[in-house]
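Just so you know, all these numbers are worked out from the coordinates, no wet-lab data involved. Model, not experiment: these values are computed from the prediction. Cβ placement follows ideal geometry from the backbone for every residue including glycine, while neighbour counts extend to all protein chains displayed.
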Amino acid sequence: MQLATRLAHLGRDPERFEGLVNVPPTRASTILHRNMAAFHAAAGDKHGQPYYGRYGTPVSKALEAACADLDGGDGAVLYPSGLAAIAGVLGAICDAGTHLLVVDSAYAPVREFCEKELARRGVATTFYPPGIGAGIAALLRPETVAVYCETPGSLTFEMQDIPAISAAASRQGIPVVVDNTWATPYFFCPLAKGASIAIQAATKYLMGHSDGMLGVAVTNGELLDKLRRHAALSGVMVSADDCFTALRGLRTLGVRLRRHQEGATAVAHWLAGRPEVSRVLYPPMTNEEDRLIWERDFQGASGLLGIELVPALAGAIDEFVDSLQLFAIGVSWGGFESLVLPSHPHRSLPQAFRGPLLRLHIGLEEPADLIDDLEAGFERLSASSTRSPLR
Ligand SMILES: *Cc1c(COP(=O)(O)O)cnc(C)c1O
């Protein structure tokens, strides 16, 4: 079945819930068992059968099944946030004395987790440039346990060649982990391109309304057992209400993402024509190399993009951001609303940025209104500032 149809039907079970269209938020700690035989059976299959709230209830299992289906994996593990999913996956895979490869353009707290938490546990991390592709082979060591990717990268939006990286890593039996938050499985399925684990900060587009936090990891076979065991023994679980909210978000994921794409494409093209903007960082149009990877591997582009402004505007960034009416100031993204923040990528990145960077999330507003807002912001700058490139 096509993706749109699956989004409407995955994880639902009206017969089991008196005809209710949606699986209700099944809140539970204790779950009762008919007799000792039933109890023993459940205890031996804690993830499969109802056993105890921490291991899941019908609504969390429905969400897991839907996420696993979307990403094309055997199963999903839910975490209370996107970062918890990343920390949980890396924590499950890395033992003392092992080595991890992490992309330079990863979400900043991931770098910090590696440098502070994993280092403390005796795990060494090497950061590699996002454009490395098959060249990752040269960085693999006998003690390397995973290659961590994020495509496109946070803040700077470099695409990664997941098929090439996966082919090189799998020749040595090393799993590739992909943070797929930007595209979601609606636009890109890492497992279908050779990766072993797909992670999504479901806080963003799956929840989709800036009203909850959730992380998901989808994988297969022994890795799934490993992630499940580590999560269960770490006490990781997600509340019934958050699972319910995520399932509600999932139903409209496709229509929302298509609309985010439409808006972001319109705004990105308009921005590319402005004298204040020296570069638009949006995979379909950043540069030829990234566009080709995006076209080859992705089914679409979401609503998050970056812009590099001309260096002369470095001192006027806050003034510009403050002047915007429709773009609100706040971290995270993926909701229905537009957002803006100055961004400061890690200095180890090979890409050189001479001007200040802004990250824009294009929400579900009318793109023409968003463009008007940005235009008014730029015009106020040129009226008030001698730093404007228009003078
Ligand atoms: C936001 C984000 C995360 C972390 O998700 P939280 O739910 O905020 O913990 C991880 N990766 C990427 C790419 C993100 O944008």
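Think of each Lys and Arg Cβ as +1 and each Asp and Glu Cβ as -1; about the Cα centre, that makes the dipole of the chain roughly 900 debye. Taking a straight Cα-Cα cut-off under 17 Å and skipping sequence neighbours fewer than 8 places away in the same chain, the aspartates and glutamates within cross-link reach of Lys46 are Glu64, Asp74, Glu222, Asp225.
Placing dummy labels 7 Å off each Cα toward the beta-carbon, the span from Leu139 to Ala368 is 4.6 nm. About its Cα centre, the stretch 70-127 has a charge dipole of approximately 200 debye under the convention of +1 per Lys or Arg Cβ and -1 per Asp or Glu Cβ, with nothing else charged. Most simply put, the chain has about 55% antiparallel DSSP beta bridges, counting only bridges with both residues inside it. On a 0 to 90° scale, report how tilted helix 82-93 is relative to the longest principal axis of the chain, with both axes built from alpha carbons and the result rounded to the nearest 10. Between the helix axis and the principal axis of the chain, the angle is about 60 degrees. Note on the chain: dipole from Cβ charges, positive end direction compared against Ser278, Ile197, Phe39; the farthest Cα belongs to Phe39.
Approximating the spin labels as points 7 Å out from Cα along Cα→Cβ, the Asp13-to-Ser384 distance works out to 5.7 nm. The sum of -39500 (n - 2.57) across all DSSP H runs of n ≥ 4, divided by the residue count of the chain, sets its helix-only mean residue ellipticity at 222 nm to -11000 deg cm²/dmol.
Taking Cα atoms only, the orientation of helix 221-233 departs from the longest principal axis of the chain by about 90 degrees.
At an R0 of 22 angstrom, the distance between the Cβ atoms of Arg54 and Asp225 translates into a FRET efficiency of 0.80. Fewest-first ordering of Asp104, Asp161 by other beta carbons within 10 Å of each residue's beta carbon gives Asp104, Asp161.
Per-residue packing, averaged as other Cβ atoms within 10 Å, sorts the ranges 46-54, 190-198 into the order 190-198, 46-54, beginning with the highest.
Spacing of the modelled spin labels on Ala4 and Val321, each 7 Å from Cα toward Cβ, amounts to 3.8 nm.
In terms of other Cβ atoms within 10 Å, Met159, Met237 run from fewest to most in the order Met237, Met159.
The ellipsoid that matches the Cα gyration tensor of the chain has semi-axes, each √(5λ) in whole angstrom, of 38, 26, 17, with the longest given first.
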